[in-house]
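Here the structure comes first, spelled out in structure tokens, and everything after it is commentary.
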Amino acid sequence: MKKKNAVKLLPTLGPGLAFAGLVAILPMPTRAIDLLQRYPTKLTSGDTQPDNARAWEFTEADLFRVSRFSLVIGRDLRVETGAADLGIGHCADGAVWAVVLPREGGKLVSQLKSQEEAVAHVWLRFHPNQINRLFPPDTVSAEGDRRLAAQVRRIASHKITSSWHAGGLAMIPEPKDLTVDVDTEGGPRRFFMVDAQAQTAEYVSAFADRPVRPAPAMSGDLAEQAFDQLWEAFDRDYAMFALRPEVDWADLRERYRPKALQCETADEFAEVCAAMLRPLRDLHVWLTVAGRNVPVFNRPRSANSNPSAHRAILGDLKRKGSVQWAVTADKIGFLAIYGWNEAALPEQCDAALEEMRDTRGLLLDVRLNGGGSEPLAREVAGRFLPKEFVYAFSQFRNGSAHTNLTEKYERKVTPRGPWRYPRPVVVLIGQKCMSSNESFAAMMSGDPDATIMGDHTCGSSGNPEIIHLPFDMTVSVPRWIDYLPDGTPLDERGFQPQVRFEPGPGAFTGERDALLTAALERLRRVPLPAKPIAGEKKTRDSAGLRHTPEELPDQGADARIEKEP
């Protein structure tokens, strides 16, 4: 969970605040290790800009042993262990996370329970320059158990998305800010946002029932079954082979199958499968084991938005679910949609549009929308279109050869009343737009009053099917090739803006969102309307919201169809 002013480690010991090695004088272990020297940093403050999020790494060389770990935050929190194994995740700017695995037991004391709770493991997110205050050199040695590398990696992959991250990449908290995330033995997960300067630990209950699941037991016969089922599913159904002629799928099987069958753990097996899938370069191929996301493929995509500046630029903002809206003092509407995942979203957008009947124009901001249900996107786009519009084409596999494909099927969007917004619209897009949100940008190109502005979209779609495999694994198999309205593939190209915006330095920092400001200036040249937009008021019954949660996944570009073995 990202939160400002959540945690910090102090340079001196204050009342009620202690860190490992500061509670008692401990004997010097063999070959004491200074972790700040091992993972040096020049950072002195936090950096929570998503575009600056750091890729992290962890290997067996990042495992250590600590003779003791102790963390005390006022009266709110105390975590203590005896000897423990320690895993450190790090980036080019130093250490960013740690996993503590007790060898001799550990305890958690907080205001949640009158009795102490047994610790299974501790996950910590912190500023790189604070690592020696958490793990003083006189408690650290190079005697970590290398066999625990897969377990540490599983914990990190599961928990990195809970604190200071952007797409699983590490952002840097302030030196005072710390996440303390403890899985208890056979009990709930205890997640605390700590402010060491204020000596407070705020408990977040949302994660209590989301502990790290244990790794499934490995079996040679099941490994063979799981690998073959995964490989055959792609060989049979994956449409994108037609756009990846350089990928020799049969050769990848010969290379990775022996490695997979030699794995000793399910985590290692999943990593081998991910390595085989990586050459597909497909952002819609996802792999999980015991609930842990196993990285398959990613590519950097910059954000061209700064939501923290929107209130200063636009004035009063309203928000409900994934929808945010405002009307400026000079009568420009603003509607931001951050995802296509909530069944009530069209109704929320309808309510926002009712407040914009007398606006001169509308900013429709989907820059940070990563996709979801394409039918929901069609519902919203229908409020802006004067007639039916073909916004995309789909092509599926229909034979054993990788080049056997169906004809291209049209995907259409139709107008949705009771009234259309007939005034200038500026649609803001960027590289964070993905999947069904890219389809939305294409839909809006059917509005003769709309201008698409910003940067190109991600260029990834898939309509994936989720396959369940042995070892509590799942893999997504993208089933179609998505084509733009002009018939060119969306993949690795994206939807292009009509007006490209090239940001300068600092364009999306502080209280600046240069693209939003430029779009506002564009609409301010539009004359004020003589009268409000006419038309019946939108009601729930007239919204046409007949979709149920069960129906939505069967249609959208980002839908997940689940299939049992």
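Set the Förster distance to 30 Å, then compute FRET efficiency between residue 60 and residue 297 from the Cβ-Cβ distance, nearest 0.05.
Working: r = 24 Å, r/R0 = 0.78.
The formula returns an efficiency of 0.80 here.
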Legend entry - Helix runs (DSSP H) in the chain reaching 24 Å along axis by Cα, Kyte-Doolittle at least -1.0: 220-237
Inset, instruction - Run the numbers on the chain and let me know its relative contact order in percent, using alpha-carbon pairs under 8 Å that are six or more apart. - result: 13 percent
Inset, instruction - Kindly list the residues of the stretch 228-256 that lie in the label zone of residue 262, defined by a backbone N under 16 Å from the point 7 Å along the Cα-to-C-beta vector. - result: 253-256
Inset, instruction - Order by neighbour count: 460, 45, fewest other Cβ atoms within 10 Å first, most last. - result: 45, 460
Legend entry - For residue 120, distant residues with modelled amide H under 5 Å away: 183, 184, 185
Inset, instruction - Starting from 0 in steps of 5 Å, tell me what percent of the Cα-Cα pairs of the stretch 17-207 lands in each bin. - result: 1, 8, 17, 22, 23, 17, 8, 2, 0
Inset, instruction - Please list the non-local residues whose amide H lies under 5 Å from the amide H of residue 331, H modeled 1.01 Å from N, same-chain partners needing a gap of 5 or more. - result: none
Inset, instruction - Give a residue-ordered list of calculated ³J(HN,Hα) values for the stretch 206-219 (Karplus: 6.51 cos²θ - 1.76 cosθ + 1.60, θ = phi - 60°; whole Hz; x for Gly, Pro). - result: 4, 9, 4, 9, 10, x, 6, 6, x, 5, x, 5, 8, 9
Legend entry - Residue (of 414, 155, 452) at the positive-pole extreme of the chain, dipole from beta-carbon charges: 452
Inset, instruction - Calculate the dipole size of the stretch 309-554 relative to its Cα centre from +1 charges on Lys and Arg beta carbons and -1 charges on Asp and Glu beta carbons; express the result in debye to the nearest 20. - result: 840 debye
Inset, instruction - Report the label-to-label distance for residue 409 and residue 496 in nanometres (one decimal), using points 7 Å from each Cα along the Cα→Cβ vector. - result: 2.9 nm
Legend entry - Phi to ³J(HN,Hα) by Karplus 6.51 cos²θ - 1.76 cosθ + 1.60 over the stretch 302-309, Hz, x for Gly, Pro: 7, 8, 10, 8, 9, x, 5, 9
Legend entry - Integer Hz, Karplus 6.51/-1.76/1.60 couplings in order for the stretch 460-470, x for Gly and Pro: 8, 8, x, 6, x, 9, 8, 9, 8, 10, x
Inset, instruction - Could you size up the charge dipole of the chain around its Cα centre, putting +1 on the beta carbon of Lys and Arg and -1 on that of Asp and Glu, and report it in debye to the nearest 20? - result: 1600 debye
Inset, instruction - Name the residue farthest towards the positive end of the dipole of the stretch 17-207 from the options 111, 64, 203, assuming +1 on Cβ of Lys and Arg, -1 on Cβ of Asp and Glu, about the Cα centre. - result: 64
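Output the relative contact order of the stretch 309-554, whole-number percent, from Cα pairs under 8 angstrom with separation of 6+ residues.
On the way: 523 pairs, mean separation 53.0, N = 246.
Averaging sequence separation for qualifying contacts and normalising by length gives 22 percent for the stretch 309-554.
So, with +1 on the Cβ of K and R and -1 on the Cβ of D and E, and no other charges, what is the size of the charge dipole of the stretch 351-406 about its Cα centre, to the nearest 20 debye? Please list the in-between numbers first.
Numbers: 7 positive and 7 negative charges, 45 e Å.
Dipole size: approximately 220 debye.
How large is the helix-only mean residue ellipticity at 222 nm for the chain, computed as the sum of -39500 (n - 2.57) over DSSP H runs with n ≥ 4, divided by its residue count, in deg cm²/dmol to the nearest 500? Please report the intermediate quantities before stating the final value.
Working: 11 runs with 105 residues, N = 565.
Taking each H run of at least 4 residues, the total per residue is -5500 deg cm²/dmol.
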Inset, instruction - Search the structure for amide H atoms under 5 Å from the amide H of residue 469, placed 1.01 Å from N in the peptide plane, and list their residues when 5 or more places away or on another chain. - result: 474, 475
Inset, instruction - Would you be so kind as to identify which of 266, 364, 252 lies farthest towards the positive end of the dipole of the chain, taking Lys and Arg as +1 and Asp and Glu as -1 on Cβ and the Cα centre as origin? - result: 364
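Would you mind computing Rg(Cα) / (2.2 N^0.38 Å) for the stretch 309-554, counting N as its residues? Provide the component values of the computation, followed by the final result.
On the way: Rg = 18.7 Å, N = 246, 2.2 N^0.38 = 17.8 Å.
In units of the 2.2 N^0.38 Å rule of thumb, it is 1.05.
Read-outs: derived from the displayed coordinates by stated rules, not from any lab. None of these values were measured; they are calculated from a predicted model. We place every Cβ from the backbone using ideal geometry, glycine too, and count neighbours over all the protein chains shown.
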